[in-house]
Structures are given as C-alpha cells and as structure tokens.
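Q: Here's a structure for you.
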There are 2 protein chains.
Amino acid sequence: MSDAINLINEMGAKARQAASAMAKASTAQKNAALQHIADALIAGQAQLVEANQRDMQAARDKGLDAAMLDRLELTPARIEAMANGLRQIATLPDPVGALSETARQPSGLLIGKMRVPLGVIGIIYESRPNVTADAGALCLKSGNCAILRGGSESFHSSSAIVAMIRTGVAQAGLPEDAVQSVSTPDRAAVGALIAAEQWVDVIIPRGGKNLIQRISAEARVPVIKHLDGLCHVYIDAHADLSMAADVAFNAKTYRYGICGAMETLLVNREIRAQVLPDLIRRYRDHGVEVRGDEAVCALDSQVLPATSEDWATEYLAPVLSIKVVEDIQAAIAHINHYGSGHTDSIVTDSLAASEQFIREVDSSSVMVNAPTNFADGFEYGLGAEIGISTNRLHVRGPVGLEGLTTQKFVVRGDGQLRGVQ
Amino acid sequence: MSDAINLINEMGAKARQAASAMAKASTAQKNAALQHIADALIAGQAQLVEANQRDMQAARDKGLDAAMLDRLELTPARIEAMANGLRQIATLPDPVGALSETARQPSGLLIGKMRVPLGVIGIIYESRPNVTADAGALCLKSGNCAILRGGSESFHSSSAIVAMIRTGVAQAGLPEDAVQSVSTPDRAAVGALIAAEQWVDVIIPRGGKNLIQRISAEARVPVIKHLDGLCHVYIDAHADLSMAADVAFNAKTYRYGICGAMETLLVNREIRAQVLPDLIRRYRDHGVEVRGDEAVCALDSQVLPATSEDWATEYLAPVLSIKVVEDIQAAIAHINHYGSGHTDSIVTDSLAASEQFIREVDSSSVMVNAPTNFADGFEYGLGAEIGISTNRLHVRGPVGLEGLTTQKFVVRGDGQLRGVQ
C-alpha cells in the first residue's frame, strides 16, 4: 500500500471515530467550539499573518500571478472577517435532530424522519486559506467531521488555521480529530482521499472547473460538485420593459466572475427594437462587449456577430451574447439546450409565461423578474453556503448546512408485530 | 465505439428528449397511462403467458433452480397482481410540482423549492418480469423516463410487458420512449448504461447483493443501492419483557429472507435469565437455529457457540445469533460496529434509553418497541417502494416516489436588483 493510502486510512479511521462523538454533540458544544476558534483566530492574528507571509514569499518565488497572490493573502482585516464568519455560523439554527413528517401509520407505528450528519466530509480546495476556516466551521456546525486538503501554496496558513480549529474543538469537549488536514504535499493523497469509500461519505471540491472535473472523474466517493454557471435572462413579450432592462443589466454587471452572472440574454422578437438599442448602449458604456445573432446585429452596428460557440460559453467576464427568439418556447428550448442547469430567469408580466418558464426550464434555480446573480445561499436564506451544487441528486442549487446532513427514519411503536393482527 | 455504447447513446438521447415531455406531463395523463397499461396487461394476459412460457422453457433447458423458475413465472394471478399494482400507483399523490419552504427573503424575493423529476433512471434487475411493470410505473408516475435492463432469462416476458407499457404511454399522449428496454443480451450494454453520465441521472439496481456490488463498483452514474440488511433488536434492562420476547420473535420469524429480518439479538445482562431461556426454546420450536456468546450458551446447552463471523453475517435464513451485552452503550457500539446501517430496534420502557438509541444508532431506520421487519415503504406510508437505500446521500431507507425526484429553487421577484439598495 502506498504512503498516501496509509495516511488516508489512518486519518479516515480517526475521522470515523470522531464522527460518532460529533453526531451526538450538543448544539451548545458546537457553538462553543466555533466561538473558541473565532477567539483563537483573533488572538493568533500575528502568528497567522506570519505563517501566511511564508506562503506568500514562496508563491512570489514561484511566480504566481497577482490574482492568486490576492486569494492567498491573509491580512488582519481578512482574519477578522473569518472570525466573524465563524460567529455567524454559530448563530445559525442547528439542522441536526430536527424531526419532520412524523405521522401515525395504519399499523399504529409513529414514523418520522430525523436530520443527522452525513458523517465524514472531504473538502478539496485551492489556495484560499479562508476556506479552511469556513468549510471546517460548516462541517462542525452540521455535526460532521472534515478532512481538509487545501492547495499546497497555502500550506503554512492552512496548517496554522487547522491547529487553531482543533484546539477550539477540544476546548468545547469535542474530539479534535473532527477536523484534520492532509499534511503531505503528495498529490497521491488526493487520489486516496476521493477513493476512500470506507471512510469518507462525500467529497466537496471547491475551486476552478478543472479541479472539480478532475475530482469528479476520478472519485469513488460521491461528489457534491459545482460545474458551469451558464445563466440566461429571457425578456418576454409581455414584460415591464424598464424593469427588464434593469434586471438584464444588473444580471450581467453586478459581478462578472460569479457563477450566477448572466452570460446570454434572450429577447422576444416582438419587443427587441424597444429594448435592445438602449440596453446595448448601456452595456457598451459600462465596458461590456456585446455579441449577437443577426437580428441583434441589425439593431446595432457595433455588435459583433455571435458564433455558435458563444451560446455555449460561460464568459465570467464583461462579454455578453444576445439572441432574439421567436417566443417563450424557443427561449426555453435554447436554455435547456445550451444552459448548464444552474440559474435562469424570465422577465414577464404574464402569469402563464412565468408558470411555463418555472415548470419547463430544467435548472437548479428558476427565477421570475429577478437577476440570476441572486443565486446564493445567503440570499436564499440558508444562512451559509458551502457551494452551489449542479448535481441533481441529494442537493441542487445553493448548499447550506442542511445539505451537509441526511435523514434517518425514526419508528416508535408499542409492541406492534408484523403480519399479526 | 462499441455496439453497446452506440445502442445506449441512441437510447439515452431518446430518453433525454422524452424526459422534457414527461417532466411537464399532467398528473391526469400519467395516471391515464398507468390505467391503459393495466388494461393492456389484463387484455393481453394470454399473450403474456405465452411469451413467459418461452422464457420458462429456455430456463428449464438451462437447468435453473426451482426458486429462479418461480420468480420468472407469470401466471394469470400474477398478471392481475401487476395490473392492480399499476392502478394502485395511479392513486398515489403526484410528487411533481409540490412547492415547499416558500418564504420571503430580506431582498423581497419569494423563494421556495419545487419537486421535479430526476430525469432518466436506469433500472437493472434480475429475471423477475413483474419488476418491469412495477419499476416502469414508478418512474412514469414520478415524471421520469426509464431505461430498463432485465435479466436475460426474462427476455420474452419483459419485452412483451414493455411493449404494453409503451402503447399505454402513447395512448395517454405521452412519448413512448419514456420507457425503453435494452434489448441486446450483450452484457457490455450494462457497462455502457452505468457509464452514460450524459444520458442517465441515476441507476437503481434491483436484485441480489452480487449484482448490486458489481454495478456500484463500476458505475459512473450515481447509484441508489441496497446492500446488506444486518438488523439488530436490543432488549434493554427496562423493558416489558413479554413485549420484548414477542418483538424479538416476530423480528426473526415473520420472514427470514427479507432485508428487515433481525439477524442478531442483543440482550441486556440484567434480564438475560428472565428473557432468554423461554425465547430460545420458542425459536427452536419454530425451527430457528440459535447461536450465542458464552453467556447465552450458559443459559441453554443446545445453543451453538457464535463465532466472530456470526456478528457480521446477514443469514437471511432461520439462523439467529444472540449476544448478552453489559448495557445500552455496549449494544449501540455493537450495532454501529457490526451492523449494516439498515434497521435496528430497541425494546425498552425507558424514555432516556429510547432517545439515546434513536440518537446514537447510525442506521437508516431506528425503531423503538417494534420489530425491524417493519422497514418497508408501504408500512412507512410511502405508498410504494422502488427499494430500500443504504446510501447516505439523496435517499436513505425505503424509497418511494419522492426519492425519484429532486427539487429546484423557484425565485419570484418584482424587479429586485443585486447590490442595489
């Protein structure tokens, strides 16, 4: 057996053991752990910055680009934000133990479902030290154990944070092995982690599409994954055109790099001339490059012709493709064909059109009269977000604490026997 | 590309296309389809029996054993039972379209979740023709498309049933490709089906453990699987001992071959002498072989000594292992160590003991004062059962129609913009 497999087996066995203690941990203990960790982050600020500077220096030496250095850096303000994030998670309702759907069955048995932790969660992420605290805290609050594997560039920062987490967990009387981090830079450890069906219940990769695709392709453990966010807004013929323009503008320009950003705007043929000329100018004034089909190009000479590749591209950049469609049917067909099933929105005043769109668009979020960038765990009232799932099974869309739990049936009787009247 | 992959790609594309029609099918249409199929099964009884006789003859020629021949056989009574099963599924509430958890968020957006079909479900099963009708009907009612792959021994029977299903579906105005069956005996088709991530959303294998393990090990598509049912009953020190004996007897003897049958009985040391001697005699009189640890053997000289292998064995037979445990803690530890996480029960009068057992036993069903054999979709009020899931993700325990659906977020606004006050 390779070293990596040995290491993961050892960590997995510890996590499995810690998982039973975590599953019965009280809400008060879990919240106390989160507060202890937050305190430790603040008290250990100087130490964290120092550890981070070692990572930063190594990253500069390796020639990492400015965006990566920025994601890697820990400043006092960022450490404070991490601590506040933990305290915020402590205030959220504990999903564990909630009973639902309890009903008396004909046999006389009282049967319901209880929320319980998933067990052991493997988190694989790139070099963002804040994910260490954030993901670790969400796993703790939901009663799970975490095995964290951060990018090697954040090794010193993440290790320092994990040490503080483990101390905080122990201070609350919980097993410190509830949070472990894979300490070897050996990439084989990732391979062993995602194959460890015996020890790990689910893998959540957080990072770029390449990372997530690689993990998904190789994993034996189920993966909660977030692939593309190729989101659409469709402006219906029966829409408040001023609202439609604002929603379409906001959906593209609020932030270009988020998965909920609109990438393609679909406009009903009937109202194209009323909406598009002004809206295209507004995008252009804001620095957004507009590409369009023939009908769009006919309305504005500066629009570049879109190729078929544009309809399938998640730009994550100030670029937008616009298409004129015959009717709502064509809009839905376009979305279900080219979209990624993430988030799609219709702007309409028609009840029938909104209901048809909601029913027929096969995406994890369907919206009416709102920009797609609202796809977010906090905006959805989940209180937290460990990611947005593009899976169909288990969780779909923004994932909060509940997505890190499962249910078990609880059956209460008073001596019922099967097959006996 | 192999023929098998070509075939599955072709079937998958057809299923995907049919899936969008099925997702928007009305409840009335789906119920009409089920009634049409039930009518066709009754009207075509003679034809079905004839097709089945061809399978039966081939199976006899191949020397299949009596149990397999019995599972394969279709009689008029069994065909009637299939038809009644379909009519029963037609009476169940339609899970699709149900909205839940709708709430107004601080942004003013009204956000909830809507149940929608999973999409395309691959069902792989052994040579039981009735599964063709049953699984097909559950997929239809939940708005999904099914790709069925039955055992080759039931080829003629299943093909005849699938033809009737497709006709019934078309009569209801739905796409007949909502239900397809893999017609080649080539085993490579199963491999292609379970790898077809593009076309198939979930695989449900139904059959023996070997089949399910093989499918799970090789699948790229998520699998809803049912592995072992190594179920326990624990008789607590504070229990109504007469009820305890009845529950323990029923848990073993109601049916030996079902996954909810008790395989190991745990008895608290304090009450062992009051419970076990009579109970062991009762098992013996009923033809159940009892194996026990030292403490049990000391109470009855005919009990065979249990080996450590016994605690890990799902007998599915009139054999039972009994262990005396120090306390509830030891019982829970034994269950979480040796059990399969299927169904476990405590018999107790103590509220504290029942709550501890419910909380700490990590199984898909935990029971109090009821035999484990109640683990069943019908007994749980699900109205139907496509199987019992031993997965932790998506569905756990008995799976009804709801387990064949997923949810999407529905977001309704009136022009809210993100990041704009």
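Q: Given the criteria polar (S, T, N, Q) and more than 8 Å from chain B (Cβ to nearest Cβ), does A:Ser340 qualify? I'd like the intermediate steps shown before the answer.
A: Numbers: polar (S, T, N, Q): yes; more than 8 Å from chain B (Cβ to nearest Cβ): yes.
Yes.
Q: Now a separate question. Specify which of the listed residues (B:Leu401, B:Leu382) is closer than 21 Å to B:Arg128 by Cβ and at pLDDT 95 or above.
A: Working: B:Leu382 fails: at pLDDT 95 or above.
The match here is B:Leu401.
Q: Okay, moving on. Output the qualifying pairs, or none if there are none: Cβ atoms under 9 angstrom, residues six or more apart or on different chains, first residue in the range A:218-234 and within 11 Å of chain B (Cβ to nearest Cβ), second residue among the aromatic types (Phe, Trp, Tyr).
A: Note: pairs meeting the criteria are A:Val221/A:Trp199.
Q: Restricting attention to the range B:203-217, which residues are touching a residue at least 40 places away in the same chain (Cβ under 8 Å) and under 14 Å from B:Arg149 (Cβ atoms)?
A: Once the filter is applied, which keeps residues that are touching a residue at least 40 places away in the same chain (Cβ under 8 Å) and under 14 Å from B:Arg149 (Cβ atoms), the range B:203-217 yields B:Ile203, B:Ile204, B:Pro205, B:Arg206, B:Gly207, B:Leu211, B:Ile215.
Q: Within the range A:101-108, can one find any residue that is touching a Lys or Arg at 6+ places or on another chain (Cβ under 6 Å), outside any helix (DSSP H, G or I), within 13 Å of chain B (Cβ to nearest Cβ) and on the phi < 0 side of the Ramachandran plot? Can you show your working first?
A: Step one: filter the range A:101-108 for residues touching a Lys or Arg at 6+ places or on another chain (Cβ under 6 Å), giving A:101.
With the extra rule that they be outside any helix (DSSP H, G or I), the set shrinks to A:101.
Imposing the further condition that a residue be within 13 Å of chain B (Cβ to nearest Cβ) reduces the set to A:101.
Filter once more, keeping what is on the phi < 0 side of the Ramachandran plot: none.
So far as the range A:101-108 goes, no, none of its residues is touching a Lys or Arg at 6+ places or on another chain (Cβ under 6 Å), outside any helix (DSSP H, G or I), within 13 Å of chain B (Cβ to nearest Cβ) and on the phi < 0 side of the Ramachandran plot.
Q: Quick check on my filter: what residues within the range B:27-52 are surrounded by 18 or more Cβ atoms within 10 Å (Cβ to Cβ) and of a type in the set (D, E, K, R)?
A: Listed by number, the list holds a single entry, B:Lys30.
Q: So which of B:Ala248, B:Ala237 ends up being part of a loop (DSSP other than H, G, I, E, B) and either acidic (Asp, Glu) or more than 10 Å from chain A (Cβ to nearest Cβ) (or both)?
A: Values: B:Ala248 fails: part of a loop (DSSP other than H, G, I, E, B).
Result of the check over B:Ala248, B:Ala237: B:Ala237.
Q: While we're looking at this one, here's another question. Got a number for residues in the range A:114-133 being modelled with pLDDT under 95 and assigned to a strand (DSSP E or B)?
A: The total comes to 1.
Q: Which of the strands (runs of 3 or more DSSP E) contained wholly in the range B:297-404 include at least 3 residues that are more than 24 Å from A:Gln105 (Cα to Cα)? Break it down stepwise before answering.
A: Details: elements: B:319-325, B:343-347, B:365-368, B:387-389, B:397-399.
Result: B:319-325.
Q: Exactly one condition in (1) in contact with a helix residue (DSSP H, G or I) (Cβ under 9 Å, 6 or more places away or on another chain); (2) modelled with pLDDT of 95 or more; (3) outside any strand (DSSP E or B) is not met by B:Met68; state its number.
A: (2)
Q: So, in the range A:10-52, of the ones that are in contact with a strand residue (DSSP E or B) (Cβ under 6 Å, 6 or more places away or on another chain) and among the small types (Gly, Ala, Ser), which residue ends up nearest to A:Ser183 (Cα to Cα)?
A: In this case the residue turns out to be A:Ala15.
Q: For the range B:53-74, state whether one or more residues are crowded, with 16+ Cβ neighbours inside 10 Å, closer than 26 Å to A:Glu360 by Cβ and of a type outside the set (A, V, I, L, M).
A: no
Residue-wise test of (1) modelled with pLDDT under 95; (2) over 18 Å from the mean Cα position of the chain (by Cα); (3) in the same structural domain as A:Asp278 (by TED's automatic domain parsing).
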position: A:Cys297; (1), (2), (3): no, yes, yes
position: A:Glu309; (1), (2), (3): no, yes, yes
position: A:Lys323; (1), (2), (3): no, yes, yes
position: A:His342; (1), (2), (3): no, no, yes
position: A:Ile346; (1), (2), (3): no, yes, yes
position: A:Asp349; (1), (2), (3): no, yes, yes
position: A:Ser363; (1), (2), (3): no, no, yes
position: A:Gly387; (1), (2), (3): yes, no, no
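Q: Let me ask something else about it. Listed residues B:Met56, B:Met114, B:Met11, B:Met22; which is of a type in the set (A, V, I, L, M) and either free of Cβ contacts under 8 Å to residues at least 12 places away in the same chain or closer than 30 Å to B:Gly415 by Cβ (or both)? Lay out the reasoning, then the answer.
A: Details: B:Met56 fails: either free of Cβ contacts under 8 Å to residues at least 12 places away in the same chain or closer than 30 Å to B:Gly415 by Cβ (or both); B:Met11 fails: either free of Cβ contacts under 8 Å to residues at least 12 places away in the same chain or closer than 30 Å to B:Gly415 by Cβ (or both); B:Met22 fails: either free of Cβ contacts under 8 Å to residues at least 12 places away in the same chain or closer than 30 Å to B:Gly415 by Cβ (or both).
Just a single option satisfies the conditions, and that option is B:Met114.
Q: Specify which of the listed residues (B:Thr167, B:Thr184) is in a helix (DSSP H, G or I) and more than 24 Å from the chain's Cα centre (by Cα).
A: Values: B:Thr184 fails: in a helix (DSSP H, G or I).
Going through B:Thr167, B:Thr184 in turn, the sole match is B:Thr167.
Q: Can you work out which of the residues in the range A:366-406 that are at the interface with chain B (Cβ under 7 Å from one of its Cβ atoms) and among the polar types (S, T, N, Q) is surrounded by the most Cβ atoms within 10 Å (Cβ to Cβ)?
A: Step one: list which residues in the range A:366-406 are at the interface with chain B (Cβ under 7 Å from one of its Cβ atoms), which gives A:366-371, A:373-374, A:379-381, A:392-394, A:396-397, A:406.
Now restrict to residues that are among the polar types (S, T, N, Q): A:369, A:373, A:406.
On the way: A:Asn369: 23, A:Asn373: 26, A:Thr406: 24.
Only one residue fits best here, namely A:Asn373.
Q: Among the candidates B:Gln29, B:Gln35, single out the residue that is part of a helix (DSSP H, G or I) and more than 25 Å from the chain's Cα centre (by Cα). I'd like the intermediate steps shown before the answer.
A: Numbers: B:Gln35 fails: more than 25 Å from the chain's Cα centre (by Cα).
Answer to the selection: B:Gln29.
Q: Looking only at the range A:199-243, how many residues end up being acidic (Asp, Glu) and at pLDDT 95 or above? Step through it out loud before you land on a result.
A: First, pick out the residues of the range A:199-243 that are acidic (Asp, Glu): A:201, A:218, A:228, A:236, A:240.
From what is left, the residues that are at pLDDT 95 or above are A:201, A:236, A:240.
Number of matching residues: 3.
Q: If a residue must be closer than 22 Å to A:Ala352 by Cα, surrounded by fewer than 19 Cβ atoms within 10 Å (Cβ to Cβ) and either touching a Cys at 6+ places or on another chain (Cβ under 6 Å) or not hydrophobic (A, V, I, L, M, F, W, C) (or both), how many such residues does the range A:235-284 contain?
A: 5
Q: Taking B:Ile358 as meeting all but one of (1) facing chain A (nearest Cβ under 9 Å); (2) of a type outside the set (Lys, Arg); (3) within 23 Å of A:Val395 (Cβ to Cβ), write down the number of the exception.
A: (3)
Q: Given the options B:Ile111, B:Ile89, B:Ile79, name the one that is part of a helix (DSSP H, G or I) and closer than 30 Å to A:Ser364 by Cβ.
A: Among B:Ile111, B:Ile89, B:Ile79, only B:Ile89 is part of a helix (DSSP H, G or I) and closer than 30 Å to A:Ser364 by Cβ.
Q: Same structure again: Test B:Val120 against the criterion of being at the interface with chain A (Cβ under 9 Å from one of its Cβ atoms), in contact with a strand residue (DSSP E or B) (Cβ under 6 Å, 6 or more places away or on another chain) and hydrophobic (A, V, I, L, M, F, W, C), and give yes or no.
A: In short, no.
Q: Against the definition (more than 10 Å from chain A (Cβ to nearest Cβ), out of contact with any Cys (no Cβ under 9 Å at 6 or more places or on another chain) and at pLDDT below 95), how does B:Gly287 come out, yes or no?
A: On the way: more than 10 Å from chain A (Cβ to nearest Cβ): yes; out of contact with any Cys (no Cβ under 9 Å at 6 or more places or on another chain): yes; at pLDDT below 95: no.
Taking the combined requirement at face value, the residue does not satisfy it.
Q: Quick one: would you say A:Gln421 is more than 22 Å from the chain's Cα centre (by Cα) and at pLDDT below 95? Steps first, please.
A: Values: more than 22 Å from the chain's Cα centre (by Cα): yes; at pLDDT below 95: yes.
Here the answer is yes, as A:Gln421 does meet what is asked.
Q: Search the range A:135-158 for residues that are assigned by TED's automatic domain parsing to the domain that holds A:Ala23 and under 14 Å from A:Ala19 (Cα atoms) and pair each with any residue that is buried (at least 23 other Cβ atoms within 10 Å of the Cβ) and basic (Lys, Arg) when their beta-carbon atoms are under 6 Å apart and the residues are at least 6 apart or on different chains.
A: Taking only residues 6 or more apart or on different chains, the pairs are A:Leu140/A:Lys30; A:Lys141/A:Lys30.
The values are calculated or read from the model by the stated rules, or taken from the named source; none is laboratory data. No experiment lies behind these values; they were computed from the predicted model shown. Backbone-built Cβ (ideal geometry, glycine too); neighbour counts: all protein chains shown.
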